[in-house]
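**Q** Structure incoming, see below.
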Amino acid sequence: MPYEKLEISTPKPVLSWANHPLGEKETKMATNVASLPFVFKHVALMPDVHLGKGALVGSVIATKEAIIPAAVGVDIGCFTHDTQIPLVDGKSYAIGELARSKKEFSIYSCTATGRIVAAKATAKLTRNNADLVKVLLDNGEEIKCTPDHQFMLRNGEYREARDLTTGTSLMPFYSKIDKDGYTLVQQNYYRKNQHGYNHKVVDIIPLVEKQDVYCLTVPEYGNFALTAGVFVHNCGMAALKMPFKSHKLEEKLKQIRLDIEAAIPVGFAENKEVEKTVINWQRWADFKELHQGVQRQENKALKQMGSLGGGNHFIEVCVDTENFVWLMLHSGSRGIGNLLAQHHIDTAKDLAKLAEINLTDKDLAYFVTGTKEFAAYWHDLQWAQNYARFNRDVMMNRFKRIVEKHVAGGKSTKPLLEVNCHHNYAEKEVHFGEDVYVTRKGAVRADVEDYGIIPGSMGTKSFIVKGKGNVESYCSCSHGAGRSMSRNQAKNVFTLDDFVRQTEGVECRKNEEFLDEIPGAYKPIEEVMSQQSDLVEVVATLKQVVCVKG
């Protein structure tokens, strides 16, 4: 469905993909945002749009030289134009050239077990005039990238370029051309005891120069090899398509749910014991640099890593139309992310008051680029988004092991597809030829070939999608069905009998505490999907059979 331009008088127009007129409060909220002086070009509203705090949930807001601290964001790490990428055709190409081609190509990726495989990828320009560092390797190679780009370590974990140190061992990529012109790729497990096996970091040098930068999207594995001989992370709810069919789940659903609830804390709960993977997370070292208002929360943040939270967060076992099993979860940055956001929102409100800025809604207080407050906020945004991403990884690993215990005898299996996408976040991006900050509040990036997840409610369908790169939506789509009534309304309208009926066939806890999440409180997901056919194409249609909520 094409968008419609709302008939409101604002400095910047509002384009809506919703299939209904906005209510009075929703219209006022859209008007407030579109009237801010730093809004770029227009505001885009996704099909699931509904009331939020400050800005509508389901809105995409591009801004110039300012940002509203109403979302959690992460900067995308990227490489300079001339960075060489080895393709499976045996040749290496500059990443900038691959971006200009706008075509899909095959690169080398590293699986969770360390095996090197071929994978599909696309490239694009991600940032103009970006800050850079130079990573020097002991094989003589030099890599120019943004300070935040993640490199794969020898143990399979990731670390940002700025956090690499001399002697850090990176995941190596060895290849050569044989006498017949074929590319030979050396699997890493064959060279464990040979000299020079690990490509180690020699130095990290901050650069004065700035350049436009590019990155790859690799949906299946999330990383790619550089010709320089190392693996790096691609631009990153989470979902895994598992290599087994639904009959494996028969008579096991309730025990799977109970095991998930025993292994992953929900609601306000936290882990009683902290696993080694969590303790070793590299970004704990940066905690002391976060806002002073959270400095007493480090131990709580540590214990909450690997926990679900409440509200609309969930863990689900799903089955697609071909009867393949999917694992899907939705979570965020837990209490620490919420606390960071609130401290910065309060700071923005105080600044607006001091500057005598007359805001129609105090929740639209903002930071201006070039100020120390903006820099502090952007730093904490990135930390919180990294926390959220790693939190999903920890939970998904536990979740996957539980399901494998019941259907594969505990044997580790390789997913057929992995999807990981952010919503409620901000990024630096290029749109209509200009650098802007894009805040997707309850929206998902849907650029060409981007994989995304659009869940319905806990008793309806969900969808795995691929973006079409619609420029008017700032390459975005909805992040779900969107609420049709508030949580309090749902609790007053529906009964426990309604909840049991609407979640029939789903293994979940059926009690009154979840009435606010009843499917009837959400918009029909099929209608929401029909309103964004110009934004995404459907890759898989899922129906949950197990649902765990906080």
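The values are calculated or read from the model by the stated rules, or taken from the named source; none is laboratory data. Nothing here was measured: the structure is a model prediction, and the numbers come from that model. Reconstructed Cβ throughout: ideal geometry from the backbone, glycine too, with neighbour counts over all protein chains shown. Accessible surface is based on the protein model in full, side chains and every heavy atom, while ligands, DNA and RNA are left aside. Shrake-Rupley method; radii C 1.70, N 1.55, O 1.52, S 1.80 Å.
**Q** Could you run through the stretch 433-461 and say how many residues are of a type outside the set (Val, Ile, Thr) and in contact with a Phe, Trp or Tyr (Cβ under 8 Å, 6 or more places away or on another chain)?
**A** 6
**Q** Another question about this same structure. Residues in the stretch 240-257: is at least one hydroxyl-bearing (Ser, Thr, Tyr), closer than 26 Å to residue 417 by Cα and either modelled with pLDDT under 90 or not in a helix (DSSP H, G or I) (or both)?
**A** No: the stretch 240-257 contains no residue that is hydroxyl-bearing (Ser, Thr, Tyr), closer than 26 Å to residue 417 by Cα and either modelled with pLDDT under 90 or not in a helix (DSSP H, G or I) (or both).
**Q** Shifting gears a bit: Counting only residues that are part of a helix (DSSP H, G or I) and among the basic types (Lys, Arg), which one in the stretch 481-495 is most open to solvent (accessible area, probe 1.4 Å)?
**A** Residue satisfying both the conditions and the ranking: 491.
**Q** Considering 269, 285, which residue is among the hydrophobic types (A, V, I, L, M, F, W, C), at pLDDT below 95 and in a loop (DSSP other than H, G, I, E, B)?
**A** Only one candidate passes the filter, namely 269.
**Q** Can you tell me which condition residue 431 does not meet? The list is (1) over 30 Å from residue 256 (Cα atoms); (2) open to solvent by less than 30 Å² (accessible area, probe 1.4 Å); (3) of a type outside the set (Lys, Arg); (4) modelled with pLDDT under 90, and all the others hold.
**A** (4)
**Q** Residues being outside any strand (DSSP E or B) and buried (at least 24 other Cβ atoms within 10 Å of the Cβ): count how many of those fall in the stretch 457-472.
**A** Number satisfying all stated conditions: 1.
**Q** What is the one condition in (1) open to solvent by 30 Å² or more (accessible area, probe 1.4 Å); (2) within 25 Å of residue 26 (Cβ to Cβ) that residue 451 does not satisfy?
**A** Against the list (1) open to solvent by 30 Å² or more (accessible area, probe 1.4 Å); (2) within 25 Å of residue 26 (Cβ to Cβ), residue 451 comes up short only on (2).
**Q** Output the number of the condition that residue 426 fails; it satisfies all remaining conditions of (1) open to solvent by less than 10 Å² (accessible area, probe 1.4 Å); (2) under 22 Å from residue 523 (Cβ atoms).
**A** Condition not satisfied by residue 426: (2).
**Q** Can I ask one more? Collect the residues in the stretch 504-548 that are open to solvent by 10 Å² or more (accessible area, probe 1.4 Å) and in contact with a Ser or Thr (Cβ under 6 Å, 6 or more places away or on another chain), keeping them in residue-number order.
**A** The answer is 519, 522, 523, 541.
**Q** Output the number of the condition that residue 264 fails; it satisfies all remaining conditions of (1) under 28 Å from residue 156 (Cα atoms); (2) surrounded by fewer than 15 Cβ atoms within 10 Å (Cβ to Cβ); (3) among the β-branched types (Val, Ile, Thr).
**A** So the condition that residue 264 fails would be (2).
**Q** I need the full set of residues from the stretch 335-362 which are crowded, with 16+ Cβ neighbours inside 10 Å and among the β-branched types (Val, Ile, Thr), in order please.
**A** 336, 345, 347
**Q** Residues that are open to solvent by 30 Å² or more (accessible area, probe 1.4 Å) and acidic (Asp, Glu): does the stretch 403-412 have at least one?
**A** The answer is no; no qualifying residue exists.
**Q** From (1) modelled with pLDDT under 90; (2) crowded, with 22+ Cβ neighbours inside 10 Å; (3) touching a Lys or Arg at 6+ places or on another chain (Cβ under 8 Å), pick out the condition that doesn't hold for residue 446.
**A** Here residue 446 meets the rest and fails (1).
**Q** Also, I was wondering about something else. Hey, among the residues in the stretch 23-49 that are in contact with a Leu (Cβ under 7 Å, 6 or more places away or on another chain) and more than 16 Å from residue 439 (Cβ to Cβ), which one's least open to solvent (accessible area, probe 1.4 Å)?
**A** 26
**Q** Could you please find all residues in the stretch 3-22 being part of a loop (DSSP other than H, G, I, E, B) and under 29 Å from the mean Cα position of the chain (by Cα)?
**A** 3, 12, 13, 17, 18, 19, 20, 22 - these are the residues of the stretch 3-22 that are part of a loop (DSSP other than H, G, I, E, B) and under 29 Å from the mean Cα position of the chain (by Cα).
**Q** So residue 277 passes all but one of these: (1) under 23 Å from the mean Cα position of the chain (by Cα); (2) open to solvent by less than 30 Å² (accessible area, probe 1.4 Å). Which condition number does it fail?
**A** Failed condition: (2).
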